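Okay, so here's the structure we're looking at.
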Amino acid sequence: MGATAFRVELDNVCVILFKARRGLLACSYFSVETADRLGDALALVSGVSSFDDVLDAGIIKVSIKARELGLKEGMSGRQALKILS
């Protein structure tokens, strides 16, 4: 999968983001509403603390652009990242 992964430790939460060629896969710290306003593809997962957690988790929410690319709730982060790469 062609993506760059970022993990940032904040005081009370770990923020994780994968940036792929066609969009983003991230923890629920991020906002689908903002992605929709900007026309970006974004898929969110929840309850994760590692890169593997994100890849194994089920997608809980997707932006309009992500849905147009074929992403949907329930698919795994790994499946989503393949589409976004």
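Bear in mind that the values in this text are calculations on the coordinates, not laboratory data. All values derive from a computational prediction rather than experimental measurement. Neighbour counts are summed over all protein chains in view; Cβ atoms, including those assigned to glycine, are modelled from backbone coordinates with ideal geometry.
With an 8 Å cut-off on Cα pairs and a minimum separation of 6 or more residues, tell me the relative contact order of the chain in percent. Across the chain, relative contact order equals 28 percent. Within the stretch 3-84, antiparallel bridges make up roughly 75 percent of the DSSP beta bridges whose residues both belong there.
As a rough footprinting exposure proxy, the listed residues F18, F30, F51 were ranked by other beta carbons within 10 Å of their own, and the order from fewest upward is F51, F30, F18. Both radii are taken from the alpha-carbon atoms of the stretch 3-84; with Rh as the Kirkwood radius, Rg/Rh is 0.93.
Helical runs (DSSP H, four residues minimum) scored at -39500 (n - 2.57) apiece and divided by the length of the chain put the mean residue ellipticity at 222 nm at -7500 deg cm²/dmol.
Per-residue extension of 0.36 nm, minus the Cα-Cα distance of D36 and L10, leaves a gain of 6.8 nm for this segment.
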